[in-house]
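The structure under discussion appears below in the form of structure tokens.
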Amino acid sequence: MDSTDKLPPDFLRSLDISWTSFLCVKDGRKQSHGSWMFEVVFVLNCYGLLHRKMAIERMTMMTTEDFNTKYVDVVKLLSQAAGVFQYISESCMSKFFVNPKDLPIPETLSETYMLLSNLCLAECQELVIRRSIASNNKTTVVAKLCAGAATQYETCLKMVKAIRDQTTHPRLPLLETWWEDYLGWKKGLFEAEALKYMALHHQDTATPGIAIAYMQLAMRSIAHCINNGKSANENITEFWTQIAEERNRMTTLWQSIVHDNDTVYHETVKPEEVHPIEPRILAKAQAFEPPQASEIKVVRKESSFLCIIS
């Protein structure tokens, strides 16, 4: 990577390398650029996306019975992917200057790789939450982990908006609109989950007045997700169903807490006892160390063919 400035100016053109954006699906055109760093970025991007793809495939096949045996491998893959994307953003993009007007794809922006890194970490945090629940950890601990996931998805949402703000082609958005819908739903869902687990904590400690106050906020948060659902993209319709099902479960819990209070405790609802939930984020990116390659020398022969000698 550090020796790419020694390559002949027309070297890349002779290789005829081109790429298709992974994130801007409306534009299926092949993209190319005269910078060798463009190729490095796309190769590393593929490497990170491959790790995430493997993690998601294993995640979808996990069952309750084999969760503990597959958990570590999936978390490791997501952490590695996050590290690769973080490396691209922090170490590569400063050497790669491309105006989105000249190459209107998300892969030319540093914010894209911060988005992908944070997305992998948010998905990793979800697994941490799932394991915490399976381990019967305290409801207050689960609430903090859920608040951490909500914070991470909020960061992703900010990255999407930053990417969208940089587009210079109104007819060709840098990211599909459903990204904001999906990340907004995820943020709202985990905010609601954090509030729900705090309500469960107060239900367990026989303080239903506070529990009801937390559940009211949880129901408001998940209702906001549903009322603001705009996208009908097939990639997120399944998640939309999950939100609706979770709302039903929350409604049942809320009614149960209210019933117990009306028949046993008779406490007044105490919204003043509701406090912000401190986020706890355990998911971390695994630092990516690029392999050290030997120096590449390019020699042009009289036949006009290129001979690459390492």
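Read-outs throughout are calculated quantities, based only on the coordinates presented, and are distinct from any laboratory measurement. Note that this is a predicted model, so its numbers are computed, not measured. Glycine also receives a Cβ, built like all others from the backbone with ideal geometry; neighbour counts cover every protein chain displayed.
Which order do the peptides 257-267, 113-123 take when ranked by the mean count of other beta-carbon atoms within 10 Å per residue, highest first?
Per-residue mean Cβ counts within 10 Å order the peptides as 113-123, 257-267.
Pairs from the list K70/K95; K186/K284; K53/K187; K53/K196; K95/K161; K70/K161 with a Cα-Cα gap above 28 Å: K70/K95; K53/K196; K70/K161.
3J(HN,Hα) along the range 184-193, derived from phi through the Karplus expression 6.51 cos²θ - 1.76 cosθ + 1.60 where θ = phi - 60°, amounts to x, 5, 4, 4, x, 4, 6, 5, 5, 5 Hz, with x in place of Gly and Pro. Translational diffusion of the range 43-88 was estimated from the Stokes-Einstein equation, with Rh taken as the Kirkwood radius over Cα pairs; at 4 °C and 1.567 mPa s the coefficient is 120 µm²/s.
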